[in-house]
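Following: one structure in structure tokens, then a few remarks.
The values are calculated or read from the model by the stated rules, or taken from the named source; none is laboratory data. It should be emphasised that the depicted structure is a prediction, and the values quoted were computed from it without experimental measurement. Neighbour counts are summed over all protein chains in view; Cβ atoms, including those assigned to glycine, are modelled from backbone coordinates with ideal geometry. Just so you know, the surface numbers come from the protein's heavy atoms only, side chains and all, with ligands and any DNA or RNA stripped out. Shrake-Rupley method; radii C 1.70, N 1.55, O 1.52, S 1.80 Å.
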Amino acid sequence: MKQKINQVRVLLDALPYIKRYANQIFVIKYGGSAQITPELKEKFARDIVLMYLVGIKPVVIHGGGRAIGDMLERLKIGSHFIDGLRVTDEKVMEVVEMVLSGSINKEITALLNEYGAKAIGISGKDASMLEAKPIDMQKYGYVGELTKVDPQVINKLIAEKFIPVIAPVASSNENGHPGFNINADIAAGHIAASLKARKIIFMTDTPGVMNSEKEIIHTLNEEQIKTLKANGVIDGGMIPKVDACLDAVNGGVMKAHIIDGRIEHALLLEIFTSEGVGTVIKS
Ligand SMILES: Nc1ncnc2c1ncn2[C@@H]1O[C@H](COP(=O)(O)OP(=O)(O)OP(=O)(O)O)[C@@H](O)[C@H]1O
Ligand SMILES: [Mg+2]
């Protein structure tokens, strides 16, 4: 009986948040680094479906760095990184598209559907949602920088109660072009801004943004981010993430969160409890 009462309390505590967030768009970047076990993926899917069932409108954008690396290795295609970006020649681009728009996108979509949502997996190429140009063709190949974000198809899917699941691949406006590999964090930031989302949440493999003493930083602003980047405390895969947080909040999103996707139900803790988890960046 006592346990049952506690369960009801948990529900009641979540009520104000459920009310506040009803009908609001939340963009969730599901990092490759948080897609590490089947159990975690299932819990992620359940959390998204719960959000959806209480009236939040989730939009999922996924990464997949590790899975791309594994597939390149299986196919014995060599690749390397410059400045944290995977140098993407035509062969690598083929694998990027196979893994991101193919296996990972459909795996997440199928899981969400299994748990009771109506999810649709698309890539940035669909309905010309994302268009890009090379950052530096000589240096990085088909790694793109976004030139256009058209949220129309996402808005249509949301209006029809679908959960869009987006692979960060963009088209070029050239005929027969293989397309571009886009950093998923940057894509998520721009998409969130174009949708005027309420929140953007990055699920990754650290408790949040850490300081030089390896302690979590609970809140960050633009100035602090500049300093932490300049002295190398924010480094590697965290750089596009904080940049994307700033793109989002400067583009009208109220809050950006970086949370630990390895923790069970981290998403629900962030959204439905007063404590929150991880690092928050506000406008
Ligand atoms: N100050 C910092 N605080 C926390 N993590 C940091 C910091 N600086 C650099 N990092 C690195 O950023 C990493 C997270 O970015 P990473 O690109 O690896 O993951 P992801 O974006 O979630 O996954 P994917 O790129 O596959 O979608 C951390 O594992 C950590 O090594
Ligand atoms: Mg990353």
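How many residues are over 19 Å from residue 63 (Cβ atoms) and part of a helix (DSSP H, G or I) if we restrict to the stretch 263-283?
Residues meeting the conditions: 4.
So that you can scan it fast, the table gives a plain yes or no per residue for (1) basic (Lys, Arg); (2) within 30 Å of residue 181 (Cβ to Cβ); (3) within 16 Å of ligand 1 (Cβ to nearest atom); (4) open to solvent by 90 Å² or more (accessible area, probe 1.4 Å):
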site	(1), (2), (3), (4)
13	no, no, no, yes
49	no, yes, no, no
64	no, yes, yes, no
67	no, yes, yes, no
76	yes, yes, no, yes
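Whether any residue in the stretch 183-200 is in a strand (DSSP E or B) and over 21 Å from residue 258 (Cβ atoms) is what I want to check.
No: zero hits.
Taking residue 100, is it touching a Phe, Trp or Tyr at 6+ places or on another chain (Cβ under 9 Å), surrounded by 22 or more Cβ atoms within 10 Å (Cβ to Cβ), at pLDDT 95 or above and not aromatic (Phe, Trp, Tyr)?
When the stated conditions are applied, residue 100 does not pass them.
If you take the residues of the stretch 55-82 that are part of a helix (DSSP H, G or I) and of a type in the set (Lys, Arg), which of them is nearest to residue 14 (Cα to Cα)?
Among those residues, the one meeting the criterion is 66.
Restricting the search to the stretch 201-211, which residues are in a loop (DSSP other than H, G, I, E, B) and either within 22 Å of the chain's Cα centre (by Cα) or among the β-branched types (Val, Ile, Thr) (or both)?
Of everything in the stretch 201-211, those that are in a loop (DSSP other than H, G, I, E, B) and either within 22 Å of the chain's Cα centre (by Cα) or among the β-branched types (Val, Ile, Thr) (or both) turn out to be 205, 206, 207, 208, 209.
Is there a residue in the stretch 233-246 that is in a loop (DSSP other than H, G, I, E, B), near ligand 1 (Cβ under 8 Å from one of its atoms), closer than 19 Å to residue 34 by Cβ and touching a residue at least 60 places away in the same chain (Cβ under 8 Å)?
yes
Here is a list: 217, 225. Which entry is touching a strand residue (DSSP E or B) at 6+ places or on another chain (Cβ under 7 Å), more than 16 Å from ligand 2 (Cβ to nearest atom), farther than 27 Å from residue 57 by Cβ and of a type in the set (Val, Ile, Thr)?
Just one listed residue meets the conditions, 217.
Could you tell me which numbered condition residue 27 fails, if it satisfies all but one of (1) open to solvent by less than 10 Å² (accessible area, probe 1.4 Å); (2) within 16 Å of ligand 2 (Cβ to nearest atom); (3) in contact with a His (Cβ under 9 Å, 6 or more places away or on another chain)?
Residue 27 satisfies every listed condition except (3).
Within the stretch 212-231, which residues are open to solvent by 40 Å² or more (accessible area, probe 1.4 Å), of a type outside the set (Asp, Glu) and outside any helix (DSSP H, G or I)?
212, 214, 216, 218, 219, 221, 231 - these are the residues of the stretch 212-231 that are open to solvent by 40 Å² or more (accessible area, probe 1.4 Å), of a type outside the set (Asp, Glu) and outside any helix (DSSP H, G or I).
Within the stretch 232-245, which residues are open to solvent by less than 20 Å² (accessible area, probe 1.4 Å) and of a type outside the set (Gly, Ala, Ser)?
Result: 234, 241, 242, 245.
Can you pull out every residue in the stretch 247-262 that is open to solvent by 50 Å² or more (accessible area, probe 1.4 Å) and either free of Cβ contacts under 8 Å to residues at least 40 places away in the same chain or part of a strand (DSSP E or B) (or both)?
Within the stretch 247-262, just 255 meets the criteria.
So in the stretch 81-96, with the set limited to residues that are charged (D, E, K, R) and farther than 20 Å from residue 240 by Cβ, which one is least open to solvent (accessible area, probe 1.4 Å)?
Only one residue fits best here, namely 89.
Could you count how many residues in the stretch 80-98 are of a type in the set (Lys, Arg) and farther than 20 Å from residue 167 by Cβ?
Result for the stretch 80-98: 0.
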